[in-house]
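These notes concern the structure reproduced below.
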Amino acid sequence: MELAWGEDFDVLADVSKSVFARYSPLEDRTNNVPFADQVAQFAELGWLQLGDPSGVDPDSPSLATIAGIFVEMGRALAATPLIDLMTTRDAALLIDTAESADLAKRIGNGDTAVISVFPSADWGTSVSFDDGVLNGVAPAVEHADHADGFLVHAGGAENVVVYVESGPSIGVEAMPNMGGHPMFEVTFDNVPVLGDVLARGRAADRAVEVAAQRAAVLRAAQVYGAGLRLLDMTVLYARTRHQFGGPIGRFQAVQYLCTDIAVAAHLTSVHARAAAAALDAGLDPQPHLGLMCKQAGKAALEIVHSAHEVHAGIGYMVESNVHLFTDAAKRWQFDFGSAADNDAQVVAALDRIYAGDHS
C-alpha cells in the first residue's frame, strides 16, 4: 500500500491556507467568524460536498485528498464545525435512502447545519429510541447550540439512526472545559421523531462506524498540521532565544525536543495516510485506525510538552501562542481515546485478518 496523500492534496491545502488564516487565533485572537458565515463559506467552496464514503462516485476526491484541508486547519489552529458537518453528511450518504440523500444534499449545499449525536459508551450515557420517541443524554456534542437538527444514533429494541430538528423539546447545555471548546450536553426528553427511521440495525451501525472512521482520519490530519506549525514556532524560538552567550538551539537537549515534535507529527501523518488509503480502497481499516488513534493521541500530548520544554515559562504566558496548542491538544486526546482501547482495536482487527475474515 502506497502511503501518500491524495492526488489533489496540495491543491486543497494551498486554498485552505488563505481560508483558515481568517479563523486562526495565531493570526488574530479577536477573530470570531459567526457559525453561519463559516457554514456558508465552506458550502461556497464545495467542501461540504467533498468525498463519497460509499465509493459509488469514482470521480469523488479520496479521503487522502480531502485531508489536505484539515492539515491546514490544524496548522492554523482554526476551530470550525467542518469535521462535524462532514461527518453527518457522510453518515447520511452511507445510509442510502431517499430521505438521507436529501439530508446529505441540504448539508452539502449549506442549507442546513446538522450535527451528529453518536453517544459513546465511555461516558456511561446513551440515547434510546422506543415507541417513536427519543430519550437520553449525549455529552460532548460540539456546536450543538447552532444546529438546525441532529442525526442521532440511538439504541432500543434495535439500533437506529434518526433525524430530528432542533426545538424547545431538545435541551442544549454548555459544558465548560479547559480549552474553551464549543461542547454541549444534548438532552432528549420524549422527543418525537416525525419522519421515518433512516436506518436500522447493522445498516445504522455501519453508517455511523464508517463516518466516525473518516472523521478520525481528518482529525489526525489536523493534529499533524498543528504539529508542523508548533515545530516551526519552536525551532524559530530556539534560534532567536539567546542564553549563555548564544542561541539555545545550539544545545543538544533543545535539538532533541524539537526532533521529538517532528517525529510525533510525522508518525501521525504516516498512520493517517495508511488509514485513509485503507478506507479509500475499501479494505479493513481497523489495524491502521487503531495505530493512528494511538499515535495521534500520543502526539497531541508530546508536541505540546516538548514545545513547552523549549519555550519554558514564556510558553504559559497569555502573549504566547504555545498554550493555545495545549488547549487544543486536550480536546484531541479526548477524541482519540485511551491507548488501551486503541491497542484492543488493533489486536481484534489482526485476529480477524489472521482468521481469514477481511470484512
#### Entry: Sum of -39500 (n - 2.57) over DSSP H runs of 4+, divided by residues of the chain (222 nm, nearest 500)
-18000 deg cm²/dmol
### Query
Which residues in segment 314-339 place their backbone N less than 14 Å from a point set 7 Å from the Cα of Asn177 along the Cα-to-Cβ direction?
326-338
### Summary
Expressed in nanometres to one decimal, the distance between label points 7 Å along Cα→Cβ at Leu301 and Glu7 is 4.1
### Pairwise FRET efficiency - Leu45 versus Ala98, Cβ, R0 = 41 Å, nearest 0.05
0.95
## Note on the structure
The set of residues whose placed amide H lies less than 5 Å from the amide H of Val172, leaving out same-chain residues fewer than 5 positions away, is Thr187
#### Entry: Residue exposure sequence - Ser54, Ser166 - by fewest surrounding Cβ within 10 Å
Ser54, Ser166
### Message
Can you give the FRET efficiency to the nearest 0.05 for Leu236 and Glu319, using r as the Cβ-Cβ distance and R₀ = 22 Å?
### Response
0.90
### Task
Return the sequence-ordered ³J(HN,Hα) values of segment 67-81 in whole Hz as given by the Karplus equation 6.51 cos²θ - 1.76 cosθ + 1.60 applied to θ = phi - 60°, using x for Gly and Pro.
4, x, 4, 7, 4, 6, 5, x, 4, 8, 6, 7, 9, 9, x
## Note on the structure
Each label sits 7 Å from Cα toward the beta-carbon; between Arg250 and Lys17 the label points are separated, in nm, by 3.3
### Query
For the Cα atoms of the chain, what angle does the longest principal axis make with the long axis of helix 201-240, in degrees from 0 to 90, nearest 10?
10
### Angle in degrees between helix 9-21 and the longest Cα principal axis of the chain, rounded to the nearest 10
80
#### Entry: GNM result for the chain, Cα springs below 10 Å: residue of Leu50, Leu194, Leu289 fluctuating most strongly
Leu194
#### Entry: Cα lying deepest toward the dipole's positive end in the chain, options Ala76, Gly155, Val263, charges on Cβ
Val263
### Query
When the Karplus curve 6.51 cos²θ - 1.76 cosθ + 1.60 is applied with θ = phi - 60°, which whole-Hz ³J(HN,Hα) does each residue of segment 110-117 get, with x for Gly and Pro?
x, 6, 8, 9, 10, 9, 6, 10
### Task
Output the direction-averaged projected area (hull surface divided by four) of the convex hull of the alpha-carbon atoms of the chain, in nm².
18.8
### Query
What is the calculated FRET efficiency for Ser120 to Glu209, with r their C-beta to C-beta distance and R₀ = 22 Å, to the nearest 0.05?
0.95
## Note on the structure
Under the Karplus relation with 6.51, -1.76 and 1.60 and θ = phi - 60°, whole-Hz ³J(HN,Hα) for segment 168-173, x at Gly and Pro, equal x, 7, 10, x, 10, 10
## Note on the structure
the chain, Gaussian network, Cα under 10 Å: of Pro168, Pro61, Pro287, the residue fluctuating most is Pro168
### Message
How tilted is helix 35-45 with respect to the longest principal axis of the chain? Cα atoms for both, answer in degrees (0 to 90, nearest 10).
### Response
90
### Task
With unit charges on the beta carbon (Lys/Arg positive, Asp/Glu negative), name the residue among Val322, Ala101, His143 whose Cα is farthest towards the positive pole of the charge dipole of the chain.
Val322
### Message
Using the crude model of +1 on Lys and Arg Cβ and -1 on Asp and Glu Cβ, and no other charge, please compute the dipole size for the chain relative to its Cα centre, in debye to 20.
### Response
1380
### Summary
By the C-alpha gyration tensor axes a ≥ b ≥ c (rounded if a/c is under 1.5, else prolate when a/b exceeds b/c, else oblate), the shape of segment 208-354 is prolate
### Message
Taking 0.36 nm per residue of sequence separation and subtracting the Cα-Cα distance, how much length would be gained by fully extending the chain between Val263 and Lys105, in nm to one decimal?
### Response
52.9 nm
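No lab work stands behind these numbers, since they all come straight from the coordinates. This one's a predicted model, so the numbers in the text were calculated from it and none came from an experiment. Ideal geometry is used to build each Cβ from the backbone, glycine not excepted, and the neighbour counts take in all protein chains shown.
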